[in-house]
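Report on the following structure.
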Amino acid sequence: IVRPVGAGDSTGRLFLVRDITRAAEREEELRRTASDAEKAWHSLEERQEQILLANEGLEKRVSEFARFNRELRVIDEMKSNFMANVSHELQTPLVSIKGYTEMILKGRLGPLTDEQERGLKVALRNVDRLIGLIESLLSFARSEKDAEPLRVEVFSLRSAVDEVAELLREKAAKRHVTVKVQFPSGDLTIRADRNRIVQVFINLVSNAIKYNREGGRVEIEATRGSRAMARVEVRDTGQGIPREALEKVFERFYRGASESGPGTGLGLSITRDILRLHGCQIRVDSEPGKGSVFSFTLPLETRGRSERAPRLAGSEREES
Ligand code: ADP
């Protein structure tokens with residue numbers, strides 16, 4: 001029923017009801033977020049402070065390391081100079097001892113008994129061994145002191161390897177070791193410092209003979225590899241290298257625990273350095289008791305082909 005409402009009279013009450021539960025929740029949520037943000041801000045500030053502190057510490061460390069590095073360089077240079085001087089000083093008298101020993105052996109200073117001759121021959125062999133050791137120390141000291149630039153030329157790898165095989169023929173024959181050279185894809189033309197690559201082969205092949213068994217085999221195999229590189233393997237049937245020594249053999253002055261014969265522990269480190277200078281790598285795999293395989297790459301001559309020649313690390317001088 002609808003009744004008219006009289007004027008001036010209170011005719012009713014208006015109740016306005018709004019549900020603010022959600023708004024209150026929102027407000028609470030906002031407050032929480034604000035306080036979380038504040039906390040996060042504080043912790044960020046703390047972190048920033050920590051980072052600044054750590055940074056200061058790091059900067060100090062870096063400058064300490066730089067100082068150490070400078071000192072080490074000076075010491076390293078002193079060591080190289082010392083090694084070069086000592087080796088040179090040792091070499092001079094040895095050359096004179098060798099000269100006189102040879103002269104006596106030839107009978108120029110009077111006749112010799114058989115026993116004297118035998119004794120002198122042993123002395124001469126040992127003098128030669130010492131001279132060889134000192135030569136490798138000297139060449140190492142020189143290579144460290146003022147690394148000579150690469151003298152890059154284009155050459156036949158086959159001829160370089162044959163040259164090394166010939167050079168080491170006598171050494172191999174003494175141990176009845178056969179040295180086989182294989183180029184299954186034909187001769188390869190290399191672009192590198194020939195003398196230094198010959199040095200690499202001398203080091204690897206003489207090790208393969210030295211650490212072989214009597215009557216063992218050495219195989220040198222070179223093939224066309226990928227990306228303008230030749231792949232070379234020097235394999236032997238020798239004592240092998242224990243797993244834990246595989247990484248160490250390329251370190252300077254490292255010699256196998258049981259090595260007592262002539263050697264300086266420098267051959268493989270020089271070998272790796274030479275290959276690195278050419279942008280090449282070397283690795284070794286070995287099965288103790290069966291033999292070792294040294295594999296490395298060499299830059300192929302690619303001029304006139306579509307492939308680009310590999311970049312040589314360090315300085316180079318062309319000779320073509
Ligand atoms: P060195 O022969 O003068 O000792 P290297 O640097 O040429 O120095 O070799 C380091 C060590 O690596 C050797 O003392 C030897 O123990 C080990 N080694 C190198 N080549 C071979 C190999 N073909 N077979 C077994 N061991 C090897």
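The values are calculated or read from the model by the stated rules, or taken from the named source; none is laboratory data. Predicted model, so just to flag it, every value in this text is computed and none were measured. Virtual Cβ from ideal backbone geometry, glycine too; neighbours counted across all protein chains shown. Note: accessible area is taken over every heavy atom of the protein model, side chains too, but ligands, DNA and RNA are not part of it. Shrake-Rupley method; radii C 1.70, N 1.55, O 1.52, S 1.80 Å.
How charged is the neighbourhood of ALA230? Take every other residue with its Cβ under 12 Å from the Cβ of ALA230, and add Lys/Arg as +1 and Asp/Glu as -1. All intermediate terms of the calculation are to be shown ahead of the outcome.
Working: positive: ARG158, ARG191, ARG224, ARG227, ARG231; negative: ASP187, GLU221, GLU233, GLU301.
Taking every Cβ under 12 Å from that of ALA230, the sum is +1.
Summarising the label geometry, the points placed 7 Å from Cα in the beta-carbon direction at ASP187 and GLU287 lie 3.5 nm from one another.
Between LEU105 and GLU170, what's the calculated FRET efficiency when r is the beta-carbon distance and R0 is 25 Å? Round to 0.05. With a Förster radius of 25 Å, E is 0.80.
Give, to the nearest whole percent, the P(r) tail of the range 141-243 beyond 20 angstrom, counting all Cα pairs. Write down the numbers at each step before the final one.
Working: 2304 of 5253 pairs.
In whole percent, the long-distance tail amounts to 44.
Note on surface exposure: HIS88, HIS278 rank HIS88, HIS278 by accessible area, highest first, 1.4 Å probe.
According to the Cα-based calculation, Rg over Rh for the range 242-308 is 1.10, with Rh computed by the Kirkwood formula. Against the empirical curve 2.2 N^0.38 Å, the C-alpha radius of gyration of the range 203-282 lands at a ratio of 1.17. Annotation: extensible slack from SER156 through GLN48 equals 32.6 nm (criterion: 0.36 nm per residue apart, minus Cα-Cα distance).
Once you wrap a convex hull around the alpha carbon atoms of the chain, what is its projected area averaged over all directions, in nm²?
39.9
Determine the share of the range 113-224's accessible area contributed by carbon and sulfur atoms, expressed in whole percent, with a 1.4 angstrom probe. Intermediate values should be presented prior to the final figure.
Values: 2920 of 6010 Å².
Summing carbon and sulfur atoms, their accessible area is 49 percent of the total for the range 113-224.
Entry for the range 61-195 at q = 0.11, 0.16 Å⁻¹: log10 I(q)/I(0) = -0.75, -1.05, Debye formula applied to identical alpha-carbon scatterers, no solvent contribution.
Could you state the orientation-averaged shadow area of the convex hull built on the Cα atoms of the range 33-114, in nm² to one decimal? Intermediate results must be reported in sequence, preceding the final value.
On the way: hull surface 44.1 nm².
Mean projected area for the range 33-114: 11.0 nm², to one decimal.
Once the Cα-Cα distance is subtracted from the 0.36 nm per residue extended length, the ASN55 to ILE97 segment shows a gain of 8.9 nm.
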